[in-house]
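> Quick one: the structure is below, questions incoming.
The values are calculated or read from the model by the stated rules, or taken from the named source; none is laboratory data. Nothing here was measured: the structure is a model prediction, and the numbers come from that model. All Cβ positions, glycine included, derive from the backbone under ideal geometry; neighbour counts span all protein chains shown.
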Amino acid sequence: YILKENRFSYEYAVRLVKRLQRNKHVKVLVADDSVVSRKFVRSLLEQHLYQVIEADDGLSALDVLNTQEDIQLLITDYNMPGLDGFGLILKVRERFTREEMAIIGLSSDDDQSLSARFIKNGANDFLKKPFVHEEFHCRVLNTLDSLDMVRRLWEQANLDYLTEVYNRRYFFSRFEPQLSTLNQKQTAFSVGLLDIDFFKKVNDTYGHDIGDEVLIEFAQRLKQFFGQHFVVARFGGEEFVVAFKGLNGSKAFTLLDKFRANLAASPIKTSDGELNITTSIGVASLTGDSLDNLIQRADKALYDAKESGRNLVCI
Ligand code: GH3
Ligand code: MG
Ligand code: MG
Ligand code: MG
């Protein structure tokens, strides 16, 4: 493809190669009532190895979006029976931001205002049919590269660099805004604060790198145990938090104690052999106060767990 698509810079070639390596994981939905136009767009996308899904009008495109996860790009025609391109993207934008899913509008209509209207309605870009192959590929590449860049920025801002669970910033930015509603509706909300026992000794005995491996594996186990239903975040150092939305303190306690017991019973594998790791845990639940207070109370319970001998959950 690179040789066929001549006349471009080295920088563009590098971007294209990077994209081609990823594209088999990128799903693109093509909504167009014209079979010819749809098949043509499909063939261009497949040249660049994208996974293509077709829809023959706006409504069936919405159906696809309801059933298929993680579509990164929607390419939609303007004139379609039932729901047209504008109707479709207005609906799509109720669910997905410009950073979550990119949209490129297409139309053969001679109306000069279409491109602006597409963009004002939520499209990231627009292409007038007929277009040359090269322009299509460039626009798709630009659009998806921007999407990737925003995703990378989001990850750098919200995920912990070492363990890849959420970071402290994410935890507060997610739950702080929900707090008054949780309090008003008296929704059960508890947090568990976990601190690895004698972690300094792991570092001192086996070195910082092995310490890092323990942190990564510990975070992985937390994510496996709680991550499907609850938010797991690294608060800093060897301290983690789990947010139990919908669970009162005693239910959170039961789950956390199970995690604690599992951990104590199954050593963590590192490149320096298996290590027995335990954790102390403090639990607190929301009682009409602030997130800071809630965390403070969990921290106090964690302190009690440490004082009472570690490898314990306190509430
Ligand atoms: P306690 O049972 O009372 O919690 O004892 P502890 O040794 O776990 O507690 P302490 O707070 O004294 O030690 C925490 C250690 O965690 C100190 C710090 O060097 C280490 N640490 C913090 N962040 C990291 C990290 O990212 N990687 C590694 N390897 N160590 C870290
Ligand atoms: Mg049409
Ligand atoms: Mg600590
Ligand atoms: Mg510790």
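> How many residues does the range 54-64 contain that are more than 22 Å from the chain's Cα centre (by Cα) and β-branched (V, I, T)?
Adding up the residues that qualify gives 0.
> For the range 122-239, which strands (runs of 3 or more DSSP E) that fit wholly inside it have 2 or more residues that are within 16 Å of ligand 4 (Cβ to nearest atom) and touching a Leu at 6+ places or on another chain (Cβ under 6 Å)?
Filter on the range 122-239 gives 189-196.
> Can you confirm whether F240 is more than 27 Å from E274 (Cα to Cα) and away from ligand 2 (no atom under 16 Å from the Cβ)?
Judged against the criteria, F240 is not a match.
> Let me ask something else about it. Just one of F244, F235, F225 is in contact (Cβ under 8 Å) with a residue 60 or more places away in the chain and in contact with a helix residue (DSSP H, G or I) (Cβ under 7 Å, 6 or more places away or on another chain); which is it?
Just one listed residue meets the conditions, F235.
> For the range 260-273, indicate whether the set of residues that are under 18 Å from Y166 (Cβ atoms), of a type in the set (A, V, I, L, M) and away from ligand 4 (no atom under 16 Å from the Cβ) is non-empty.
Keep residues of the range 260-273 that are under 18 Å from Y166 (Cβ atoms), which gives none.
No, the range 260-273 contains no residue that is under 18 Å from Y166 (Cβ atoms), of a type in the set (A, V, I, L, M) and away from ligand 4 (no atom under 16 Å from the Cβ).
> What number of residues in the range 290-307 are in contact (Cβ under 8 Å) with a residue 60 or more places away in the chain and either surrounded by fewer than 13 Cβ atoms within 10 Å (Cβ to Cβ) or of a type in the set (D, E, K, R) (or both)?
The total comes to 2.
> Condition check: under 25 Å from the mean Cα position of the chain (by Cα), at pLDDT below 95 and surrounded by fewer than 18 Cβ atoms within 10 Å (Cβ to Cβ). Does R174 satisfy that? Working first, answer last.
Details: under 25 Å from the mean Cα position of the chain (by Cα): yes; at pLDDT below 95: no; surrounded by fewer than 18 Cβ atoms within 10 Å (Cβ to Cβ): yes.
No: the conditions fail for R174.
> Filter the range 220-240 down to residues that are of a type in the set (A, V, I, L, M, F, W, C) and buried (at least 22 other Cβ atoms within 10 Å of the Cβ) and give me whichever is farthest from S285 (Cα to Cα).
Among those that are of a type in the set (A, V, I, L, M, F, W, C) and buried (at least 22 other Cβ atoms within 10 Å of the Cβ), it is L222.
> Another one. Restricting attention to strands (runs of 3 or more DSSP E) lying wholly within the range 245-315, give those where 3 or more residues are within 28 Å of the chain's Cα centre (by Cα).
268-270, 279-285
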